[in-house]
Amino acid sequence: MSVKDVVNATRGRLLSGPHDVTFTQLFVDSREVKPGGLFVALRGEQHDGHVFIPQAIERGAAGILCERPPQGVEGAAVIQVEDTGRRSSTSRPTGSPVSPTRSSLSPAVPARRRPKT
């Protein structure tokens, strides 16, 4: 899925980074991000994925889907949306492959509950 596909599907806007990136997978957990993936910074009741953007970048995220623009992100496509907490029936689970021919993406994917530590 390309940056353009994500921007169109989420009604977001590309704030910075390359416009010609193709994402290989979607992630909502920064610990699972793989190079080439799109990290969705979900804002939930207990956790805010925006806090984990630096870790996602460190793990090789090619893009970030967020509500608030992160500071100091270079090299990754940063796509801003109004609300990463919205749900859709077309949501994908963490680490799902992204088909390059599919042009739909939900504004967010369901967050997985993290174990209490």
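Every read-out reported here was derived from the displayed coordinates using simple, explicitly stated rules and does not represent laboratory data. Since the structure is predicted, the reported quantities are computational estimates derived from the model, not experimental observations. Here the Cβ positions follow ideal geometry from the backbone for every residue, glycine too, while neighbour counts run over all protein chains shown.
So here's what we get for this one:
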| read-out | value |
| --- | --- |
| In the stretch 53-67, the residues that are surrounded by 20 or more Cβ atoms within 10 Å (Cβ to Cβ) and free of Cβ contacts under 8 Å to residues at least 60 places away in the same chain | I53, A56, I57, A61, A62, I64, L65, C66 |
| Unique residue being β-branched (V, I, T) and touching a Lys or Arg at 6+ places or on another chain (Cβ under 9 Å) when the list is V7, V21 | V7 |
| Any chance A41 is in contact with a His (Cβ under 7 Å, 6 or more places away or on another chain) and either in contact (Cβ under 8 Å) with a residue 12 or more places away in the chain or more than 16 Å from I57 (Cβ to Cβ) (or both) | yes |
| Counted residues, the stretch 51-74 - those being under 19 Å from R11 (Cβ atoms) and under 12 Å from the mean Cα position of the chain (by Cα) | 5 |
| Within the stretch 1-50, strands (runs of 3 or more DSSP E) holding 3 or more residues that are surrounded by 18 or more Cβ atoms within 10 Å (Cβ to Cβ) | 25-27, 38-40 |
| Any chance P70 is in a loop (DSSP other than H, G, I, E, B), out of contact with any Lys or Arg (no Cβ under 8 Å at 6 or more places or on another chain) and crowded, with 16+ Cβ neighbours inside 10 Å | yes |
